[in-house]
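S.K.: The structure follows.
The values are calculated or read from the model by the stated rules, or taken from the named source; none is laboratory data. Computed from a predicted model, the values in this text were never measured in an experiment. Note: ideal-geometry Cβ built from the backbone for every residue, glycine included; neighbour counts use all protein chains shown.
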Amino acid sequence: MRSARPFAAVLVLAALVLAGCGKIDREPPVSTAPVAAAPELTPVAAEQLRDVLAARRGKVVLVNVWATWCPPCREEFPDLLRAYHELQPRGLDLVLISADFEAQREKARAFLTGLGVGFPTFLKTGPDGMFIEALDPGWSGSIPATLVLGRDGTKRAFWDGAASYEEFRNAVEPWL
């Protein structure tokens, strides 16, 4: 007497193959999670930087100069954004200035979009020396660089080099 097992296995296999060949009329699921729009990277030279910062008087401003080719810049970004999002309701504003070259604009936008940055940011243009002088005359030009401005627009802190969440928070909290 022959066993029915091989025949049953062939039937199950055929059913699985046929089930996989049918047309599916369903739409693929669509995510309902909000997606940040790619931020604008507005060109900013030394002369315009003064106006950008002056327009933010009345808020504590955290200015961060960074670049996609700078590993410490990329590493500190999640902490920088966390501090900003937590302190924004208390009057903190964040100005991000990319030191990337114009040819790297899309790479910078993709980096920012990947981190959920949806607000306008800036792309440094013009001579480095003039930009350094406009931001902080004592700045060596190394990045990342961070400047904290009080509500009256005066410099409260400046450092170059990566910072942690606690360092960002501690630098701005006294001025909020």
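S.K.: May I ask you to verify whether I132 is closer than 18 Å to L41 by Cα, touching a Phe, Trp or Tyr at 6+ places or on another chain (Cβ under 6 Å) and modelled with pLDDT of 95 or more?
M.R.: The answer is no for I132.
S.K.: OK, next. Return only the number of the condition from (1) surrounded by 15 or more Cβ atoms within 10 Å (Cβ to Cβ); (2) free of Cβ contacts under 8 Å to residues at least 40 places away in the same chain; (3) closer than 28 Å to G58 by Cβ that R74 does not satisfy.
M.R.: Condition not satisfied by R74: (3).
S.K.: Still on this model: Take R82 and decide whether it is over 19 Å from R156 (Cβ atoms), surrounded by 15 or more Cβ atoms within 10 Å (Cβ to Cβ) and of a type in the set (K, R).
M.R.: On the way: over 19 Å from R156 (Cβ atoms): yes; surrounded by 15 or more Cβ atoms within 10 Å (Cβ to Cβ): no; of a type in the set (K, R): yes.
When the stated conditions are applied, R82 does not pass them.
S.K.: Please tell me if A38 is more than 24 Å from V172 (Cα to Cα), modelled with pLDDT under 95 and either assigned to a loop (DSSP other than H, G, I, E, B) or not hydrophobic (A, V, I, L, M, F, W, C) (or both).
M.R.: Taking the combined requirement at face value, the residue satisfies it.
S.K.: Hey, another quick one. What single numbered condition from (1) farther than 28 Å from G126 by Cα; (2) touching a helix residue (DSSP H, G or I) at 6+ places or on another chain (Cβ under 8 Å); (3) at pLDDT below 95; (4) not small (G, A, S) fails to hold for P29?
M.R.: For P29, the failing item is (2).
S.K.: Considering only residues that are in contact (Cβ under 8 Å) with a residue 60 or more places away in the chain, closer than 22 Å to T68 by Cα and either surrounded by 15 or more Cβ atoms within 10 Å (Cβ to Cβ) or hydroxyl-bearing (S, T, Y) (or both), which ones fall in the stretch 149-166?
M.R.: A162, A163, S164, Y165
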